Amino acid sequence: MRTPIIAGNWKMHQTGQEAVDLASGLRQRLKDVNGVRVVICPPFTSLLSVSRAIEGSDILLGGQNMHWEEKGAYTGEVSPTMLLTAGCKYVIVGHSERRALFSETDDTVNLKTKSSLKFGLSPIICVGERLEQREANETKEVVEHQVKGAFKDLNSEDVGKTVVAYEPVWAIGTGKTATPEQANEVHRFIRGLLSSEFGRECAEEINVLYGGSVKPENSRELLEMPEIDGALVGGASLDAQSFEKIVRSSIGD
Ligand code: PGA
């Protein structure tokens with residue numbers, strides 16, 4: 001039985017005190033919640049202060065991106081050890097905004113995935129098709145390419161520590177959500193791929209999250225689907241009440 005994961009991707013939102021206030025508010029609201037892993041991913045500049053604000057609670061911290069090298073002349077980048085020492089346990093890798101706006105490729109996603117695992121961070125690996133690809137019936141082909149690219153050269157022990165987020169690009173920030181059945185079908189396909197590459201037992205351990213306009217109004221029906229093991233939430237994670245409702249819906253609360 002996989003414990004659901006609800007991860008909040010704050011993107012480029014929340015300045016210093018706003019981030020601390022949001023994290024503290026969530027801590028308060030979620031203090032009686034069990035049976036779900038809650039992860040919040042603030043911008044780099046707020047990682048340390050948010051880490052302090054959630055210290056001693058069950059809320060976990062994640063980075064939104066990282067470089068694969070441990071250190072070096074990479075102006076503007078952040079390394080896996082920097083994330084770790086800021087208190088992160090997770091890191092989002094290959095988000096579609098990074099792929100589309102910052103030229104990330106399956107190869108860099110693979111480098112980041114391997115590096116995060118080497119340093120003890122769990123990567124949340126994002127995959128998903130664009131609208132024209134779905135309309136051309138290419139969803140599975142695109143997702144297969146991204147999954148195989150991200151997981152290239154990994155062993156099954158490492159694979160078990162990863163999280164996959166299926167985020168159809170057309171559903172991100174648009175208010176359009178994949179139907180529970182559409183999402184579940186792709187999730188099942190992803191697990192099948194991982195099962196044939198790394199074995200059934202390993203594939204069964206991996207949480208496959210859904211992302212793309214998840215909100216309190218639709219989270220329950222999505223999270224009830226057998227292959228949907230949680231959510232990666234953007235916009236609705238910036239409001240403590242909405243995020244709380246999504247977290248609670250993952251445990252049928
Ligand atoms: P959204 O973003 O919930 O605002 O659609 C999801 C994401 O980009 O991870």
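The values are calculated or read from the model by the stated rules, or taken from the named source; none is laboratory data. Quantities reported herein were computed from a predicted structural model and do not represent experimental measurements. Here Cβ is always computed from backbone atoms with ideal geometry, including for glycine, and neighbour counts include all displayed protein chains. With ligands, DNA and RNA removed, areas are computed over all heavy atoms of the protein, side chains included. Shrake-Rupley method; radii C 1.70, N 1.55, O 1.52, S 1.80 Å.
Distance between the modelled labels on Asp239 and Glu135, one decimal in nanometres: 3.0 nm (7 Å Cα→Cβ projection).
Charge dipole of the chain (Cα centre as origin; +1 on each Lys and Arg Cβ, -1 on each Asp and Glu Cβ, all else neutral): 520 debye, rounded to the nearest 20. The residues of the chain expose on average 46 square angstrom of accessible surface per residue, using a 1.4 Å probe on protein heavy atoms. Near the amide H of Gly8, within less than 5 Å, lie the amide hydrogens of Val39, Ile40, Cys41, Val233, all on another chain or at least 5 residues away, with H placed in the peptide plane. Can you send over the carbon and sulfur percentage of the accessible area for the chain, probe radius 1.4 Å, protein chains only? Carbon and sulfur: 48 percent of the exposed surface of the chain. With all projection directions averaged, the alpha carbon convex hull of region 146-234 covers 5.4 nm².
Computed over neighbours whose Cβ is under 13 Å from that of Val33, the net charge equals +2, Lys and Arg +1, Asp and Glu -1. Shape summary: region 46-97 maps onto an equivalent ellipsoid whose semi-axes, from the alpha-carbon gyration tensor, are 21, 13, 9 Å in decreasing order. The base-10 log of I(q)/I(0) for the chain, evaluated at q = 0.13, 0.14, 0.17 Å⁻¹, reads -0.75, -0.89, -1.36 [Debye formula, identical scatterers on Cα atoms, solvent excluded]. Only one residue of Ser49, Gln133, Thr174 has its Cα farthest out toward the positive end of the dipole of the chain, where Lys and Arg carry +1 and Asp and Glu -1 on Cβ, and that residue is Ser49. Largest GNM mean-square fluctuation across Cys41, Cys126, Cys202, computed for the chain with C-alpha springs under 10 Å, falls on Cys202. Taking all protein chains as they are arranged and a probe of 1.4 Å, the heavy atoms of Phe243 leave approximately 0 Å² accessible to solvent. Any idea which of Ala240, Val147, Asn218 is furthest toward the positive side of the dipole for region 5-249, if Lys and Arg beta-carbons carry +1 and Asp and Glu beta-carbons -1? Comparing the listed Cα positions along the dipole, Ala240 ranks first.
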